[in-house]
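Written below as structure tokens is the structure these notes are about.
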Amino acid sequence: MPRAIWNGSISFGLVNIPIKLYNAVSRKNVSFHQIDANTGARIKMQRVSSKTGEEVPFEQIVKGYELSPDRYVLVEPQELDALDPESSHSIDIEEFVDLAEIDPIFFDAAYYVAPGKAAEKPYALLAKAMEEQGKVALARFVMRTKQYLAAVRAKEGMLLLSTMVYPDEVVPPEQLPELESVDSVKVNDKEVAMAAQLIDSLSADFEPERFKDTYREQVLDLIERKAAGEEIVIEDAPAPDATSVVDLMAALEASVAEAREARKRHPTAVAADGEDEDDEDESPKASASSSSSKAKKATKKRAAPAKRAKKSA
């Protein structure tokens, strides 16, 4: 049973709605300990002085901010405590904006917002009003002595909160020299049409359950096999051929053809062989247009079974 990580209220205007925050994401990573290969014992870390090499007792350790190499400003815990933001246990909504106006780069951690005791009606009212207006609330709140900027949005009658990074925490793309030459690159209409055709060929409804962390599954399988006493034999993987794409159009055309073949083999493929053959004779622009129409029809047909399955569930 999930446990609430924060209790408080959402405040907008003179309205206060008691709520609880729950983690919306549970990370599933495979973690390892450092082990002494000779004894099989776990390695323990010690805090030692870089100057003397001796272990430093915990009570002698203080926080320091590095100004330059080996030059620090020491800060006392009481000095930091005096600067902690006031813990008001309130998510204060400052304004409402359209979700499309927020670049996803600003989103950080996600949380479910649940109503507190006897707060179901105002909670449902706020969620319904926000969903109908298509608005997202920008708010500030304090959690674990840190002040956060957050976006509160409505989805299917419930509220979700995403903490956000501040603008000065986003790395400006101007700092990446590799991007400077992108604006000067010229692409012709035929290349754009062929790239659009490839995108159409690979377009589908987003079904998150189709995506799995295959690396994590393989690591866990490896651990189980080794725990069972199986000897693992590592085979050298063949080195990839050193190739370079010289003809961009040829690569795009080959990619489109491969995507079509993969679609034919897919159980939900709906495009007829004759349609694909006709497409090959079309010009890139006409082909991109017809491919887009077919991709949309195929997507709707593929989505129908999934929707029926959800309703029956």
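Residues in segment 206-213: is at least one open to solvent by 80 Å² or more (accessible area, probe 1.4 Å), outside any helix (DSSP H, G or I), closer than 30 Å to LYS28 by Cα and among the hydrophobic types (A, V, I, L, M, F, W, C)?
Step one: filter segment 206-213 for residues open to solvent by 80 Å² or more (accessible area, probe 1.4 Å), giving 206, 209-212.
Within this subset, residues satisfying the condition of being outside any helix (DSSP H, G or I) are 206, 211-212.
From the residues that got through so far, the ones that are closer than 30 Å to LYS28 by Cα too are 206, 211-212.
This time we only want the ones that are among the hydrophobic types (A, V, I, L, M, F, W, C), so: 206, 211.
The answer is yes, given that some residue of segment 206-213 is open to solvent by 80 Å² or more (accessible area, probe 1.4 Å), outside any helix (DSSP H, G or I), closer than 30 Å to LYS28 by Cα and among the hydrophobic types (A, V, I, L, M, F, W, C).
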Quiz prompt | Selection within segment 119-141 - assigned to a strand (DSSP E or B) and surrounded by 19 or more Cβ atoms within 10 Å (Cβ to Cβ) | solution = VAL136, ALA137, ALA139, PHE141
Exercise. Spot the failing condition for LYS226; the list is (1) surrounded by 11 or more Cβ atoms within 10 Å (Cβ to Cβ); (2) in contact with a Lys or Arg (Cβ under 8 Å, 6 or more places away or on another chain); (3) charged (D, E, K, R), and only one is missed.
Key: (2)
Quiz prompt | Residue list for segment 24-67, restricted to those being open to solvent by less than 90 Å² (accessible area, probe 1.4 Å), of a type outside the set (A, V, I, L, M), closer than 30 Å to GLU217 by Cα and in contact with a Lys or Arg (Cβ under 9 Å, 6 or more places away or on another chain) | solution = ASP36
Quiz item: Restricting attention to segment 4-54, which residues are more than 23 Å from the chain's Cα centre (by Cα), in contact (Cβ under 8 Å) with a residue 12 or more places away in the chain and part of a loop (DSSP other than H, G, I, E, B)?
Solution: ARG47
Quiz item: Has segment 218-226 got at least one residue that is in a loop (DSSP other than H, G, I, E, B) and either over 25 Å from the mean Cα position of the chain (by Cα) or at pLDDT 90 or above (or both)?
Solution: no
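Filter segment 153-189 for residues that are of a type in the set (Ser, Thr, Tyr) and under 18 Å from the mean Cα position of the chain (by Cα); which is least open to solvent (accessible area, probe 1.4 Å)? Talk me through it step by step, then tell me what you get.
Kept after step one, since they are of a type in the set (Ser, Thr, Tyr), are these residues of segment 153-189: 162-163, 166, 181, 184.
Among the residues that remain, those that are also under 18 Å from the mean Cα position of the chain (by Cα) are: 162-163, 166.
Numbers: SER162: 21, THR163: 4, TYR166: 62 Å².
Among residues in segment 153-189 that are of a type in the set (Ser, Thr, Tyr) and under 18 Å from the mean Cα position of the chain (by Cα), the one least open to solvent (accessible area, probe 1.4 Å) is THR163.
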Quiz item: Just checking, how many residues over segment 178-205 are of a type in the set (Asp, Glu) and not in a helix (DSSP H, G or I)?
Solution: 3
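The values are calculated or read from the model by the stated rules, or taken from the named source; none is laboratory data. If you're wondering where the values come from, they're calculated on a predicted model, not measured in any experiment. Note: ideal-geometry Cβ built from the backbone for every residue, glycine included; neighbour counts use all protein chains shown. All accessible areas refer to the heavy atoms of the entire protein, side chains included, with ligands and DNA or RNA removed. Shrake-Rupley method; radii C 1.70, N 1.55, O 1.52, S 1.80 Å.
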